[in-house]
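The values are calculated or read from the model by the stated rules, or taken from the named source; none is laboratory data. Quantities reported herein were computed from a predicted structural model and do not represent experimental measurements. Here Cβ is always computed from backbone atoms with ideal geometry, including for glycine, and neighbour counts include all displayed protein chains. Accessible surface is based on the protein model in full, side chains and every heavy atom, while ligands, DNA and RNA are left aside. Shrake-Rupley method; radii C 1.70, N 1.55, O 1.52, S 1.80 Å.
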Amino acid sequence: MLEGRLESDGFGPLARAQEHLARRRGFRYALLGLALMVSLALYAPLLASDRPLYLEAVRRGEYERARRTLMPVAKNLASLLAKDEAAFLAARAASSSQTLAAARAGEHQALSTRIASLRASLSPTEGEPLAALEQELAAAVALAERGEVAAAAQAGDALAQRAQELREVLDPARVTLLPRRAFPAFAALAPLESGLMVAWLGVLLLPFLARRLGARRVLLASALLGALCALAANRGGDAFHTASYKTELDKLELEPVRVCFAPIPYGYAEQHPEEALRPPTWLAASELGPDGAYLRGGRAPRADPVTGFVPETRAIEVRAGEPAFNSPLRHVLGTDLTGRDLLARALHGARVSLAVGGLATALLLFIGTLVGALAGYFGGLLDLALSRALEVVVSFPLFFLVLVAVALVGPSMWNVVLVLGCVGWTGVARLARAEFQRQRELDYVAAARTLGFAWPRIVFRHVLPNALAPLLVAGTFAVASAILVEAGLSFLGYGVRVPIASWGGLSSESRELAHWWLQLFPGLFLFVTVLCVQLVGDALRDALDPRSARGGLA
Amino acid sequence: MLPYVLRRLALFVPTLLGITFLSFALLQLVPGDPAEVALSGGSTETAVDAEALARFRAAYLLDQPLWKQYLHYLGPFDLSAEGHPWFGGSGAHSFGGLLSGDLKHEIHRPHVRVIDELGRRLAVTVPLALAALLLGYLVAVPLGIFAAVRAGTAFDRVSVVILLVCYCLPTFWAGLLLQLAFGATGLGWFPVIGLAGEGASFAERLTHAVLPVVCLSYGSFAYLSRQMRAGMIETLSSDYVRTARAKGLPERLVVGKHALRNALLPLTTLFASAFPALIGGAVIVETIFDLPGMGRYAYEGLQQRDYFVVLATTTLGGVMTCLGILISDLLSAVLDPRIRHA
């Protein structure tokens, strides 16, 4: 995000470098590539998902389930309404510790949900009896809460009776079911995710808006908008809650009127076991017969020379929204061990790589700057101690140390971030130390000291902004190196775990050279990303700090 | 010179201690009871014999305070019940720990001493790393100089792009691509996994080593070459080079004698950065090419939860890198008087 901001902003020490950067073509392309990668990563749940982006459908399955269970639930509630506390305690199983009130509330809730989901599929006129039922329900429960058991029991019986009648009245053959609209892929987003997606739009529009509105204003507005979106996300709205939209669409439990799937209609963890390890589908070698057997090349099923056993194949299951089984677009990059689409996984893998790169760098910049600033500004014993600590950490090969630490702590994305941040700060700390040592001899620091400013104010408000440029460059290189380390860890099986995708993990799924697509494509994404970050870093270094030729982690 | 060397060596000792301490501290990160995890190999299903557990804890002082465990690991005195009489032991096994060269035995193969196995593994890793380093210094450095002298020409531009690409290639991906391109699926020039067996000819050994060495070296190769080019360009634009040109020296002398000497200085510092990268890269390269080296040993130790293997390889990795840094510091002090008088 930082890189995106640099292009057209004009504050701090970056202003001087702007002209240099504007002239550099490689920098622009790299920035563009990086923006593309971040966009792919951020919008991956909308680009590749097994949920439709937009769905207008009759929810026949849900309606039927609600209709069938309406009466039993009402009966349960009626029997609970007829009991007083003592009878309930006597009747309940010894293991259950539920109170009567809780049991009633549970049944009440269950009945209300059913009524609501039935009403949602009916026109207001046809839903009239349901509204009446809802009122009766409220009245009966209110009676029970007041302790009028006899009256409540009566009302409960009436309720059950009514539910029994409604079951016939609401038969789908007699009423017309209305289609409902939903945005399942959007509804599945976490609040933070949707907020970031909106905010990133502002960053993407920056080059076009910055001249007219000012970069700072655009960024501020997009950040605000993103925060608003994050707060408003997933409040209310009519979401279809089903485990698998594709299955329900196939079984016509969802009767589609209009449905729009994501460009890549696969979830990152969606499996197609009968298509395991299928080569990219635009290749002739990937062509399948209707029985699921490869037609050409070395992949055609052959009988075992000794046993005569012919490996069994299964017909390909083409689910709702997916391209036909021999379409070149079916699995553009092939599939992995359990038939998950590699392209969908690679897009989701970008999230892990970029998140680890960004977060780990933020952490190591923080630690490194703090250590370097203290050592450089104060010198003396503190410097000696911190420098020894630094030398100890430098003495371990970075990748090796991170591997051991992550493997011992337990592999997960957050642990990778934490360990990388706690181990990779040495390069930044060295730079910061040298810079602070140089700056503290300058007049303005002496002036600040004479004015009686406390050291935190001098160090962080006065010196730090002046020492920022080389740290920023080192930070950019650290992003590249963090991404590489994470990929290496995942390749060795100590990064993020399946089913979460990561570029390194995808490459290691099969070591067989015959499955070349698994080894080629995820690495390509990784390589392009690292190349872009590196080019941006090179350009920044030349622009901000022309003298230094070093940077990044070893 | 001598004061500088002494000062540097004096600083080296606390760093070494710090390395052993950090390696030891790493093991404390393991959640749960290390003894149980180690004996069960990390799986929860395996039942662990209580008696074996107690013996294991006693032998490695796992029920003692941490500082005692650390001293026991550091040596040279064995602090266990059979340890040195000074510390209340029986004296049967007085010395032990790192300083006496005792790295314990592997947990899952109790007859194998870690230090012996480490020697066997180093015999694979060190030649590979040296070959990679040699390739780096003998080819990358001249390439960098040549590109700097010809800065701006087509040769320079092409080499800059290629080196940048090499610099950004992920190690594991490069290894996989090398296997795809040169293994049986591609050109079929080189074997892609393992080492040549016993009694293989020199040529066979060489063909087995080509891909791993290339995979191990391209990163430091690109790094060295890029740094060399940048350093040389900086030197060539300095005042004294201009003076040399102004007084009419032939270009050959200006570059080969005046500029080169100063541009070569950073090479010693670069050694300190290239060396750890080689050791770190060894883990991935040895895993991909299935070589029984030190990196693989560490990886296997992690997989089997063999803490003594992990501890030994981590410490060794740290000590080797630290030695590399020390050597490069001393070398630059020898070559550059400004450093030793700073």
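The criterion of being over 30 Å from A:GLY410 (Cβ atoms), part of a helix (DSSP H, G or I), open to solvent by 20 Å² or more (accessible area, probe 1.4 Å) and more than 14 Å from every other protein chain (Cβ to nearest Cβ) does not hold for B:LEU265. In the range A:347-368, how many are of a type outside the set (A, V, I, L, M, F, W, C), open to solvent by less than 20 Å² (accessible area, probe 1.4 Å) and under 16 Å from A:CYS422 (Cα atoms)? Residues that pass the stated criteria total 3.
Highlighted here are the helices (runs of 4 or more DSSP H) found entirely within the range A:440-546 that include at least 2 residues which are within 11 Å of another protein chain (Cβ to nearest Cβ), open to solvent by 40 Å² or more (accessible area, probe 1.4 Å) and under 30 Å from A:ALA44 (Cβ atoms): A:516-544. Of all residues in the range A:342-400, those being at positive phi and in contact with a His (Cβ under 8 Å, 6 or more places away or on another chain) number 0. Every condition in (1) out of contact with any strand residue (DSSP E or B) (no Cβ under 8 Å at 6 or more places or on another chain); (2) under 19 Å from B:HIS108 (Cα atoms); (3) touching a residue at least 12 places away in the same chain (Cβ under 8 Å) holds for B:LEU291 except the one numbered (2).
Considering the range B:172-208, the residues that are under 18 Å from B:ARG296 (Cα atoms), open to solvent by less than 30 Å² (accessible area, probe 1.4 Å) and more than 12 Å from chain A (Cβ to nearest Cβ) include one that is modelled with the lowest pLDDT, namely B:ALA196.
Can we say A:THR247 is of a type in the set (Ser, Thr, Tyr) and more than 30 Å from A:TYR63 (Cα to Cα)? For A:THR247, the condition - of a type in the set (Ser, Thr, Tyr) and more than 30 Å from A:TYR63 (Cα to Cα) - is not met. Listed by first and then second residue, the pairs with beta-carbon distance under 6 Å, at least 6 apart or on different chains, first residue in the range B:241-253 and more than 15 Å from B:ALA263 (Cβ to Cβ), second open to solvent by less than 60 Å² (accessible area, probe 1.4 Å), are B:ARG245/B:VAL254.
Among the residues that make up the range A:169-176, is at least one of them at pLDDT below 85, part of a helix (DSSP H, G or I) and within 27 Å of A:GLU56 (Cα to Cα)? Yes, the range A:169-176 has at least one match.
The set of residues from the range B:258-302 being out of contact with any Lys or Arg (no Cβ under 7 Å at 6 or more places or on another chain) and among the hydroxyl-bearing types (Ser, Thr, Tyr) comprises B:THR268, B:THR269, B:SER273, B:TYR299. Select from the range B:323-339 the residues that are over 20 Å from B:ALA123 (Cα atoms), open to solvent by less than 10 Å² (accessible area, probe 1.4 Å) and within 14 Å of chain A (Cβ to nearest Cβ) and list them in ascending order. Listed by number, the list holds a single entry, B:SER328. Determine if the range B:233-248 includes at least one residue that is of a type in the set (S, T, N, Q), open to solvent by 60 Å² or more (accessible area, probe 1.4 Å), more than 12 Å from every other protein chain (Cβ to nearest Cβ) and in a helix (DSSP H, G or I). Yes, there is a match, as at least one residue in the range B:233-248 is of a type in the set (S, T, N, Q), open to solvent by 60 Å² or more (accessible area, probe 1.4 Å), more than 12 Å from every other protein chain (Cβ to nearest Cβ) and in a helix (DSSP H, G or I). Looking at A:ARG25, is it within 33 Å of the chain's Cα centre (by Cα) and free of Cβ contacts under 8 Å to residues at least 60 places away in the same chain? The answer is yes for A:ARG25.
Hey, could you check the range A:10-53 for residues that are closer than 18 Å to A:LEU472 by Cβ and open to solvent by less than 20 Å² (accessible area, probe 1.4 Å) and say which is modelled with the lowest pLDDT? Ranking the candidates gives A:ALA17 first.
Look at A:ALA185 and say whether it is closer than 23 Å to A:VAL259 by Cα, open to solvent by 40 Å² or more (accessible area, probe 1.4 Å) and small (Gly, Ala, Ser). So A:ALA185 fails the test. Among the residues that make up the range B:134-151, is at least one of them more than 11 Å from every other protein chain (Cβ to nearest Cβ) and not in a helix (DSSP H, G or I)? Yes, the conditions are met somewhere in the range B:134-151. Is it the case that B:VAL214 is within 19 Å of B:LEU164 (Cα to Cα) and away from every other protein chain (no Cβ under 14 Å)? For B:VAL214, the condition - within 19 Å of B:LEU164 (Cα to Cα) and away from every other protein chain (no Cβ under 14 Å) - is met. When A:THR338 is tested against (1) over 15 Å from A:PHE436 (Cα atoms); (2) assigned to a helix (DSSP H, G or I), just one condition goes unmet, and that condition is (2). Filtering the range A:258-276 to residues that are open to solvent by 30 Å² or more (accessible area, probe 1.4 Å) and assigned to a loop (DSSP other than H, G, I, E, B) leaves A:PRO263, A:TYR268, A:ALA269, A:GLN271, A:ALA276. When restricted to residues that are more than 7 Å from chain A (Cβ to nearest Cβ), part of a helix (DSSP H, G or I) and open to solvent by 20 Å² or more (accessible area, probe 1.4 Å), the range B:273-320 contains 9.
Taking the stated definitions as given, is B:ARG226 touching a residue at least 24 places away in the same chain (Cβ under 8 Å), of a type in the set (D, E, K, R) and either within 11 Å of chain A (Cβ to nearest Cβ) or open to solvent by 40 Å² or more (accessible area, probe 1.4 Å) (or both)? Answer is yes for this residue.
When the range B:120-163 is filtered for residues that are closer than 16 Å to B:ILE233 by Cβ, among the hydroxyl-bearing types (Ser, Thr, Tyr) and in contact (Cβ under 8 Å) with a residue 40 or more places away in the chain, only B:SER159 remains. In the set (1) over 10 Å from the mean Cα position of the chain (by Cα); (2) more than 25 Å from B:TYR167 (Cα to Cα), B:ASP290 fails one condition alone, (2).
Within the range B:1-30, residues that are more than 7 Å from chain A (Cβ to nearest Cβ) reach partners that are open to solvent by less than 60 Å² (accessible area, probe 1.4 Å) and not in a helix (DSSP H, G or I) with beta carbons closer than 9 Å, at six or more positions or on different chains, in the pairs B:LEU16/A:SER395; B:SER23/A:PHE396.
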